[in-house]
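Written out below as C-alpha cells is the structure these notes cover.
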Amino acid sequence: MLKGRLGIDTARVPQADRHGVLWLGRGNVVVDAGTLRFVTAGSDTFVAGDYAIPFQGVSCLALEPGTTVSHDALRLCARHGTGVVVVGEGGVRLYASMPFGPDRSARARKQVEHWADPHLKTWVARRMYAWRLGEIVPDADLTVLRGIEGARMRAHYQRLSEMYGIHWRGRRYDRQAPDAADFANQAINHAATAMYALGQVAVAVTGCIPQLGFIHEESGIAFALDIADMFRTEITLRIAFDAVRKPRRPDETLERVVRKHAATVFRRDKVVATMIDRIKELFGVDDPGDHP
C-alpha cells in the first residue's frame, strides 16, 4: 500500500489506468488530510495497522464484514469515480453499491447492441453455453441448448454424488420450504446464491447493465445470473458438495459453512477476476482498469 498524501483533490485517473477491486474487511475507511485511509484490526488480506488507500488507482472498493465507512470517504470516492460495493465475506453477498462506472460507455453500449439484435443475442448465449459445456454446440436454438445442458447437469450431479459419497435423489427445490430439501440440495442453493452475488460484483465493476441477460431474462440481475452460471459446474457445485462433507459444530448452520467455504474458494481461485475476463471477451471491449 502507498503511504502519505495521494495527489491533489481535483486529479482524476482514467479507469483504463486503474487496477481492479480492493477488498477491505474489519476496519474503518476514513479521510485524513485529503487521503483515504483504512484503519484495520487485521484480516486475511491486511495485517493490523493504518493504511493509505490509493483510491484513485483502483476501480472499486469492496467493503467486507466488520467495515465502516465515513460520509467523507464516500464523497471522495464519488468525486473521483471510485466505485464502492458492500459485500459479504469474499463477495458471497452483495448488499449495496454506490453508483459508478467506467469513464466510457463502450461496454454497456456493446451489451445493449448484442442484447437488442436477435442474432447477436443468440451468439452471446451460445458462447456462454460453450464455456459452460466445454464445447461449441452446433444447434443455435436456445431451447435445445437448455435441454442439452439439463441432461449434462443431471449426469454431473450423479458423478459428484458418487465422488463425494453422498446419496443423491435428484435436484429438488421448493421455494416455499427451502429447508425441507436434503443437505446436498440445500448446499447447492446456498452456493448458487453466493456465486450470484459475485456475478453482481463483476457486472458492476465492468459497467454492464445487470437487467439485460442473454439466457436469463425476467430477473433484475439477469446478466449477473448468466455470468454466475458459467461457473456452476466447476466451482459452485464443488463448493456445495465440499461443504456437505465438512464437519460442523452443533450451533453452526449448513448455510454458514457454505458461505465460509465459498469465500475461501472465491479468493483462492480469483473467481471475480475470471468473471471480469469473460465479460470483456463477450463484448470485445478491453479495459485494463477492470482487473482485480
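None of the figures in this text is laboratory data; all of them are computed from the coordinates on show. Being a predicted model, the structure only gives us computed values, none of them experimental. Using ideal geometry, Cβ is built from the backbone for each residue, glycine included, and neighbour counts are taken over all protein chains shown.
With loop membership from DSSP and a limit of 16 other Cβ atoms within 10 Å, the longest segment of the chain without GluC sites (Glu not before Pro) is 1-134. Counted as membrane-span-like here are DSSP H helices of the chain whose alpha-carbon atoms extend 24 Å or more along the helix's own axis and whose Kyte-Doolittle mean is 0.0 or above; these are 183-205. Using equal-weight Cα scatterers in the Debye expression, the normalised intensity of region 172-262 in log10 at q = 0.13, 0.17, 0.24 Å⁻¹ is -0.47, -0.75, -1.14. Take the Cα of Asp277, step 7 Å toward its Cβ, do the same at Val144, and the gap between the two points is 3.1 nm. The mean of 1/r over all distinct Cα pairs in region 74-133, once inverted, gives the Kirkwood hydrodynamic radius of 14.4 Å. Placing one equal scatterer on every Cα of the chain and applying the Debye formula, the log10 ratio I(q)/I(0) at q = 0.11 Å⁻¹ is -0.71. Working note: Debye formula, equal point scatterers on the alpha-carbon atoms of region 15-97, no solvent; log10 I(q)/I(0) at q = 0.12 Å⁻¹ is -0.30.
Taking R0 as 30 Å, what FRET efficiency do you get between Arg154 and Trp123 from their Cβ-Cβ distance, rounded to the nearest 0.05?
0.65
Any chance you could tell me what percent of the C-alpha pair distances in region 141-292 go past 26 Å? More than 26 Å apart: 30 percent of the Cα pairs in region 141-292. Helix-only arithmetic for the chain: the sum of -39500 (n - 2.57) across DSSP H runs with n ≥ 4, divided by the residue total, places the mean residue ellipticity at 222 nm at -14000 deg cm²/dmol.
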